[in-house]
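For reference, the structure discussed in these notes is given below.
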Amino acid sequence: MSDSPRLQPPGSDALLGWLTHYRRAWFGGDLTAGLVLSIMVIPQSMAYAMLAGMPVQVGLYASLLPLLGYALFGSSMSMSVGPVAVTGLMTATLLAPLAEVGSADYMQLAIWLALFSGALLFAFGLLRLGFLANFLSHPVISGFISGAAILIVLSQVPKLAGLRNWPDNPATLLDSWHTSNSLVLAMGIAALLWLVYARAWLAGHLRSMGLPELLANLAARLAPILVVVLAVAATLQFGLSAHGVPVVGEIPAGLPSLVWQTPDTGALRSLLIPAVLISLVTFVESVSIAQSLARRKRQSINPDRELLGLGAANLGSGLTGGFAVAGGFSRSSVNIEAGANTPLAGVIAAVMIAGILLTVAPLFAYLPQVMLAVVIIVAVVPLIDLRSLARAWRYDRAEGLTLLSTLLGVLILGVEGGIILGVCWSIVAQLWRGSRPHVAVVGRVPDTNYFRNTKRHLVETVPQLLALRIDENIFFANTKAVEQAIYQALADYPDTREVLLILSAVNHIDSTGLDMLSELTEGLAERDIHLHLAEVKGPVMDHLQQTDWMQRQVDELFPSTDIAFNTLGKLKRPSPEPTES
């Protein structure tokens with residue numbers, strides 16, 4: 001029997017269900033994973049805090065209670081929650097118009113954004129609204145993350161070169177580049193090359209030297225720690241800050257002490273839409289990661305419990321002066337590779353981070369900012385998913401356009417505009433597809449009970465019977481197209497006396513569709529053509545049975561196309577007399 005921990009059944013409301021069934025054999029893996037995770041997330045959390053426009057220690061604060069809150073309510077056994085690049089960028093982008101980055105007002109708005117996001121996510125979990133993840137399609141999420149990753153990389157390039165910011169006028173870019181700090185640039189390039197090598201080749205080289213695969217993978221993932229340690233040591237030894245190398249600056253020792261300031265009502269109101277956006281992105285991204293990790297361990301997750309866990313994590317981050325958090329793929333991958341069996345690994349990591357804050361945190365004041373920029377760049381470049389764009393473009397041009405429009409929307413309109421554009425484009429694409437329904441004339445495959453499209457297969461048809469299969473819901477956007485397809489088929493088969501609509505693929509008929517069918521039936525009756533239905537689904541039938549169209553205008557309802565063919569094929573209706581001109 002596997003030692004892998006089992007989850008609570010889907011829909012279970014039990015808190016700490018994993019702890020109730022905890023086994024002693026799991027503790028070793030959880031302890032190791034917690035220790036490794038606490039070391040790995042230090043440079044990442046500090047870097048993402050800088051990305052969010054917050055002091056770097058806030059990233060460490062945001063790695064404490066979120067891990068505990070998720071352990072209490074979440075359903076994934078392996079996901080690690082904390083500061084991530086996307087939420088860091090969204091925080092900075094959404095709050096920049098409301099307050100000066102780094103100001104006290106900005107800090108308070110970031111805290112309240114995390115609190116609002118946490119409250120929304122937790123409320124959605126209580127209401128069992130896990131299906132909300134379906135509102136952002138994969139192309140929208142992929143396009144958004146790719147666009148956000150490009151923005152993040154561009155925002156860090158000035159720090160990599162020792163510049164304060166990108167110049168406002170692109171024409172002065174070359175002149176501004178001449179003012180870059182060559183020492184900062186050299187340090188940044190050296191660190192960048194090392195981290196790229198560590199990500200791509202270090203694990204393989206360590207394995208070839210005889211190191212076990214697990215240890216080799218962990219060593220490669222912990223490469224940023226070596227960068228941090230060497231950079232701090234070099235700053236202390238050679239006084240790099242005196243040579244114009246920007247460093248992190250003073251970091252207070254100890255745990256966070258939150259000073260509450262409630263912004264005015266107008267400022268709080270302005271956070272509502274940003275909170276909804278960041279909550280939706282946080283949930284969809286985190287659930288995707290949790291599902292991926294669960295499949296690796298043959299487990300499952302509960303989306304409603306994920307909402308509760310993420311809500312508790314963001315509330316915890318806000319209560320400790322942090323910013324919005326989410327599940328992180330890289331930190332979760334390290335967690336699972338280090339042997340994590342349950343969320344206890346996250347609890348241990350939180351305790352270790354608290355210990356670091358109480359002891360050695362002030363040493364990070366000597367960390368060059370360029371090193372955090374390099375950590376961010378190396379972490380987010382793999383998020384630029386051009387393969388998904390190429391694959392979507394080849395498979396479905398509308399999906400490819402959705403992904404591309406979201407990516408470009410993020411770059412041109414910003415985070416908020418990009419998400420809205422992507423969602424709108426998804427809706428338009430769906431309506432466009434639905435407005436072009438596939439309607440097929442079908443016949444019987446010889447000597448079988450199967451019915452296929454007459455244009456694709458050699459089939460048998462019944463004289464005077466026109467069987468049409470509608471492969472789409474019938475709703476306002478496609479009623480004209482369905483009606484035209486039916487009349488076109490009648491023109492192709494002028495001897496038709498019976499029309500059979502096969503509704504096996506129809507899950508819904510709205511009122512506009514019903515009106516079209518009623519008018520169609522009246523038009524057929526004037527031509528002495530009878531309408532029949534086959535394979536109507538139960539939910540559709542529940543609605544149709546309450547209508548006059550079903551009761552008065554439909555001749556007969558058949559449970560299968562085969563029965564309809566056998567029955568209608570035996571009918572001998574007289575042909576109508578020709579109309580005098």
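Readers should treat all values here as calculations from the given coordinates under stated rules, not as data from a laboratory. In this text, all values refer to a predicted model and were calculated from it rather than measured experimentally. Cβ: placed from backbone, ideal geometry, glycine included. Neighbour counts: every protein chain shown.
Evaluate region 385-434: find the radius of gyration of its Cα atoms, find its Kirkwood radius, and give the ratio Rg to Rh.
0.99
Subtract the Cα-Cα distance of ILE563 and SER208 from 0.36 nm times their separation in residues, and report this length gain in nm to one decimal.
Gain on stretching ILE563 to SER208: 121.1 nm.
Quote the FRET efficiency, to the nearest 0.05, computed for GLU526 versus ARG128 with a Förster distance R0 of 60 Å and r equal to the Cβ-Cβ distance.
0.75
What's the extension gain from PHE27 to GLU556 if we count 0.36 nm per residue and subtract their Cα-Cα distance?
183.8 nm
Using a Förster distance of 51 angstrom, determine the FRET efficiency expected from the C-beta separation of SER257 and LYS480, and round it to 0.05.
With a Förster radius of 51 Å, E is 0.20.
What is the ratio of the Cα radius of gyration of region 439-568 to 2.2 N^0.38 Å, where N is its residue count, to two decimals? The partial results should precede the final answer.
Numbers: Rg = 13.7 Å, N = 130, 2.2 N^0.38 = 14.0 Å.
Taking the Cα Rg and dividing by 2.2 N^0.38 Å, one obtains 0.98.
Between THR461 and CYS424, how high is the FRET efficiency from 1/(1 + (r/R0)^6) when r is the Cβ-Cβ distance and R₀ = 25 Å? Nearest 0.05.
According to the calculation, E is roughly 0.05.
What's the extension gain from ARG269 to SER241 if we count 0.36 nm per residue and subtract their Cα-Cα distance? Intermediate values should be presented prior to the final figure.
Working: separation 28, 0.36 × 28 = 10.08 nm, distance 4.17 nm.
Working it through step by step, the gained length comes to 5.9 nm.
Could you work out how far apart the two model spin labels at LEU193 and LEU16 are, taking each label as a point 7 Å from the Cα in the direction of the beta carbon, and quote it in nm?
Modelled inter-label distance: 5.2 nm.
Would you mind computing, in nm to one decimal, how far apart the modelled labels at SER300 and ARG436 are, each placed 7 Å from Cα along Cα→Cβ?
Here the answer is 3.7 nm between the modelled labels.
Give the share of C-alpha pairs in each 5 angstrom bin for region 197-336, from 0 to the last occupied bin, in whole percents, shortest bins first.
Histogramming region 197-336 at 5 Å steps yields 2, 7, 10, 12, 12, 14, 15, 13, 9, 4, 1, 0, 0 percent.
Let me know the Rg and Dmax you get for the chain when you use only its Cα atoms, in Å.
When restricted to the Cα atoms of the chain, Rg and Dmax are 30.7, 107 Å.
Using the alpha-carbon centroid of each, what span in Å lies between region 33-48 and region 515-572?
65
Please determine, in degrees from 0 to 90 and to the nearest 10, the orientation of helix 303-319 with respect to the longest principal axis defined by the Cα atoms of the chain, where the helix direction is its Cα long axis.
With rounding to tens, the tilt is 30 degrees.
What ranking do 49-56, 353-360 get when scored by the average of other Cβ atoms within 10 Å per residue, highest first? The partial results should precede the final answer.
Working: 49-56: 24.4, 353-360: 16.0.
Those peptides, ordered most packed to least, come out 49-56, 353-360.
Run lengths n ≥ 4 of DSSP H only: what is the helix-derived mean residue ellipticity at 222 nm for the chain, with -39500 (n - 2.57) per run over all residues, to the nearest 500? Kindly include the intermediate steps, with their values, before the conclusion.
Working: 25 runs with 330 residues, N = 581.
Calculated mean residue ellipticity at 222 nm is -18000 deg cm²/dmol.
Give me Rg over Rh for region 309-465, both radii from the alpha carbons and Rh done the Kirkwood way, two decimal places.
1.23
Explain nothing, just the number: relative contact order of region 439-568, from Cα pairs under 8 Å at least 6 residues apart, as a whole percent. Mind dumping the intermediate values first?
Values: 219 pairs, mean separation 29.3, N = 130.
For region 439-568, the relative contact order is 23 percent.
Would you calculate the separation in nanometres between label points at ALA219 and GLU100, each defined as 7 Å from the Cα along the Cα-to-beta-carbon direction?
In this crude label model, ALA219 to GLU100 measures out at 4.9 nm.
Rank the residues ASP562, ASP528 as a footprinting-exposure proxy: fewest other Cβ atoms within 10 Å of their Cβ go first. Provide the component values of the computation, followed by the final result.
Values: ASP562 16, ASP528 12.
In increasing order of surrounding Cβ atoms, one gets ASP528, ASP562.
When ranked by the protection proxy of mean other Cβ atoms within 10 Å per residue, highest first, what sequence do the peptides 142-153, 261-272 form?
Working: 142-153: 23.8, 261-272: 12.7.
Ranked by mean Cβ neighbours within 10 Å, highest first: 142-153, 261-272.
Which peptide among 60-66, 249-255 comes first, and what is the full order, when sorted by highest mean count of other Cβ atoms within 10 Å? Please report the intermediate quantities before stating the final value.
On the way: 60-66: 29.0, 249-255: 13.1.
Ranked by mean Cβ neighbours within 10 Å, highest first: 60-66, 249-255.
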